[in-house]
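The values are calculated or read from the model by the stated rules, or taken from the named source; none is laboratory data. All values reported here derive from a predicted model rather than from experimental measurement. Every residue, glycine among them, receives a Cβ derived from its backbone with ideal geometry; neighbour counts consider all protein chains shown. What goes into the accessible areas is simple: the full protein's heavy atoms, side chains included, and nothing from ligands, DNA or RNA. Shrake-Rupley method; radii C 1.70, N 1.55, O 1.52, S 1.80 Å.
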Amino acid sequence: MLSIAGVAHAEPSRWVSDDLTAYVRSGPTDEYRIVGTLTSGDKVTLLQTSGDYSQVRSEGGDTVWIMSSDLQAQRSDAEQVPALKDKVATLQQKLDTVNNRWEDKVSGSTQLLNTRQQRIADLEQQNGELDQELSQAQEQLRTYKARLDSERDDLLMRYFVYGGSVAGAGLLVGLMVPHLPRRRKKRDRWF
């Protein structure tokens, strides 16, 4: 660690601010001459700080002084943008994959739902037709039942008429037979 004015400093990495090209000096004040520039996004190693200036080592190995306000602790946006773009592209690809899967599932579910709705409509139509056939069959059954009851009544009436006729004829014959003249039996010679 290097120390200036009794202040101990580590050698952490720093980057030149994104929004400028910074002039670097040979010493820690404005009175020292400008010895070059560092471009926005250049990585430097912080060696020490003195007042408003920080001593840094560039990646080329040069040791210079730069305004402390021209340094930042995180990587420059220029360096982060390509990695962020790659990350965005990867995330977009994942999102597209998830979206495609979701659309496939929704499409499959929609198709299945439409198929089931059509099946339900077909079953409801069949049910309506079967209900109509049942109503017709019940109406025919009532008609046949009424006709059967009527024929049974007619048959019973005939049985009563026939039975009454037979009974009446038998009664009539029974009443007439005693009044009929009797025939005498011929005698057989054998007796």
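Ordering of 97-107, 25-35 by packing is 25-35, 97-107, highest average first (other Cβ atoms within 10 Å, averaged per residue).
Per residue Cα convex hull volume for region 79-157, in cubic angstrom? All intermediate terms of the calculation are to be shown ahead of the outcome.
Working: hull volume 4.4 nm³, N = 79.
Convex hull volume per residue, Cα atoms: 56 Å³.
For the chain, the Cα-based Rg and Dmax, in that order, read 61.1, 192 Å.
For the chain, carbon and sulfur atoms together expose 54% of the accessible surface, with a 1.4 angstrom probe and every protein chain in place. For the chain, the longest principal axis of the alpha carbon atoms and the long axis of helix 77-176 meet at an angle near 10°.
Heavy atoms of the protein chains alone define the surface here; on that basis the chain has 83 Å² accessible area per residue at 1.4 Å probe size.
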